[in-house]
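Enquirer: Before I ask anything, here is the structure I am working with.
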Amino acid sequence: CPVPGTGVAHAAPLARVVRYGDVRGTQATQVLPILVGMFERAVVGLRAACSSLDEEAAHRMLESLEHVQQALDILNRDDLHAEWRTGVRSLMEADIHALLRGWSCRLLLEKGCLEEDQLLRAARLALSPANPPAACAAWATGLLKGSGLLLLHQDGVWRVFDRWLSGLHGDTFVEMLPLLRRAFADFTHAERRQMGEKARHLGRDARDPTGSSGSATTTDVHFDRAKLALPVLAQILGVAHDGDHQ
């Protein structure tokens, strides 16, 4: 399994030596071939290494993938980035743990390599009612992995969740609730509050796409029923809900 292991964990420190040097004056030419060799092994074995993993192993693998991405961000070499993105794209619909498929979508979206319609297609497959709720939640957790501030600028992600949650049956939604809360648990309180504002803002735009008051046709929206979802969304995000605030 070429991706996990202490070698990958040391990829970012080695990348810093290559780019910035160290106190010992180590030459980048001495370290770069080692780092590139590690990277090439990781790309070649990426899909195989991600196969047949249970939940614990999938989380360890995700840490290893993040180490590789961190090293690439430090090196800032277009050729290596392109090769890595191709490997990550192959994970999006592969028969691997849903956590890793969700993370691959998030990474490609962050790097501007995934269009919203491609994200929606992946979401339809990953969040299909035919899938076990735990697998759906794992995919969502992978998609939400990383910086909350960066996620706030990805409107496509919020539209994906809006469409998915709107289509869930009541019993399924209740079953998913604790899993969804765990997916948001790593964000700070301030980030979760801003996410709640983002969800409300996109919902307002959806019912008034013209941006004007009362000019859009909204006869297909039942506002009283929509309000019932606000306390549940607040519980998912772990923020307070003021029932009187519109």
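Enquirer: How many residues does the range 77-96 hold that are open to solvent by 70 Å² or more (accessible area, probe 1.4 Å) and in contact with an Asp or Glu (Cβ under 9 Å, 6 or more places away or on another chain)?
Expert: 1
Enquirer: Considering (1) open to solvent by less than 70 Å² (accessible area, probe 1.4 Å); (2) farther than 24 Å from residue 172 by Cβ, say which one residue 99 fails and leave the rest.
Expert: (2)
Enquirer: Also, quick follow-up: If a residue has to be at pLDDT below 75, open to solvent by less than 60 Å² (accessible area, probe 1.4 Å) and over 22 Å from residue 146 (Cα atoms) to count, how many in the range 172-226 make the cut?
Expert: Result for the range 172-226: 7.
Enquirer: Checking residue 19 against (1) open to solvent by 80 Å² or more (accessible area, probe 1.4 Å); (2) modelled with pLDDT of 90 or more, which single condition isn't satisfied?
Expert: The number of the failed condition is (2).
Enquirer: Under the condition of being charged (D, E, K, R) and either in a helix (DSSP H, G or I) or free of Cβ contacts under 8 Å to residues at least 60 places away in the same chain (or both), which residue from the range 109-148 is nearest to residue 172 (Cα to Cα)?
Expert: The residue in question is 124.
Enquirer: Tally the residues that are open to solvent by 40 Å² or more (accessible area, probe 1.4 Å) and under 8 Å from the mean Cα position of the chain (by Cα), restricting the search to the range 134-159.
Expert: Here the count works out to 2.
The values are calculated or read from the model by the stated rules, or taken from the named source; none is laboratory data. It should be emphasised that the depicted structure is a prediction, and the values quoted were computed from it without experimental measurement. Because the Cβ atoms are built from the backbone with ideal geometry, glycine has one as well, and the counts that use them run over all protein chains shown. Heavy atoms of the whole protein, side chains included, go into the accessibility calculation; ligands, DNA and RNA do not. Shrake-Rupley method; radii C 1.70, N 1.55, O 1.52, S 1.80 Å.
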